[in-house]
Structures are given as C-alpha cells and as structure tokens.
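Read the figures in this text as sums done on the coordinates, not as results from a lab. Since this is a predicted model, take the numbers as computed values, not measurements. Cβ: placed from backbone, ideal geometry, glycine included. Neighbour counts: every protein chain shown.
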Amino acid sequence: CAAVANAPKAAASTDSLYVGGAEWTTADEQRLALRELAGRPCLLSFFFTECGLKCPITVGRMQAIEAALPRDLREQTRFVLVSIDPTNDTPAKLRAYRSAHGLNASRWLLLCGSAVDVAALAQRAGFTFQRTAAGSFAHDSVIAVLDPQGKIAARHDGLYAGADTLAGDAGRDTLQGG
C-alpha cells in the first residue's frame, strides 16, 4: 500500500459517525448498525486484510492504546476496523485477521460493508483511499477517537503518532465525552 497521491485530504465530519442506515457485517457474521455503538467510547480506523505495510502498524498503534488504557476504560472501549476492500475481505478473512493479530473479540469489531457504505463512512471520518492499478490500495492511516455519541474527538496518523499521544487522546475525559 502507498500514500494517496495527489488526493486532497478529506475533512472529517463534526457530526456523529453513527448516523445513517448502513448495515455492516462483523467478522462473526452478525449484522450491525454503527448506532449500536453509541454510549461507548470507540477508536476507529480503516484497513484491508492483505495490507502488509500501513495497516499492521496502525493496528499495532491501536493495540498500544488498548494496553495503555486503565482496565475499566479498556473494557468498555470498542476498537473498530472497517475494511476498505469489500470485494475480498469476507467475514472469514476478518476472523482470520483478528486471530492472527491477537485482537480480543469482545473489544475489537472488524467490519465489512458495501463499497458505497465504506466510501461514505470513510469520507465522514476524513479517511482517504483509492484502489491502485495493481489492485491494492493507496490509503491514509488515520485513527479516529470517537466519543460515546460517535463524534470525532481526535484524529491521528496511525503511522507516526506516538502511542503516548494516542493514549492521552483516548483517555477517560475524551472517551467519556467529558
């Protein structure tokens, strides 16, 4: 994967990302509307299972945040990865990815959806991606910290932001909406 060349950076919405009627499929083949995440803090990023560069680093940053959070906050926080490759990332592939990366199924949601829904959510989250001529993806590595209402409280580049910065933004006040 590569950086998105010549693409303007997407501006993130100031509204809740939980609006809209899109339905997503989890790694466990359950249907989910993002509004079901309301009331809980969330870290959100986008990925694809075949990525060998940026996505594993971004997921690693999210795992570092998970480990740094106080236990009570860690238990209530959702870590959400939305696939940008709806053609190839099936629930079975999402389960395999979750297992291979040691992601706790009680806290980590790996989601796939239609290309239209993925693009709409990515745009609202300020995440830019495009398919390359080689069939891979050029994409950002944004991690969004969402408050319990689904509003973006902070955004960071998942490749370069230090885990301490991310953990600070993912702290109790931001995630609990205070």
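Placing +1 on the Cβ of every Lys and Arg and -1 on the Cβ of every Asp and Glu, with no other charges, gives the stretch 68-163 a dipole of roughly 180 debye about its Cα centre. The simple spin-label model puts a point 7 Å past each Cα toward its Cβ; for R107 and R95 those points are separated by 2.3 nm. Short to long, the 5 Å bins of the Cα pair-distance histogram for the stretch 32-135 hold 2, 11, 23, 25, 21, 12, 4, 1, 0, 0 percent of all pairs.
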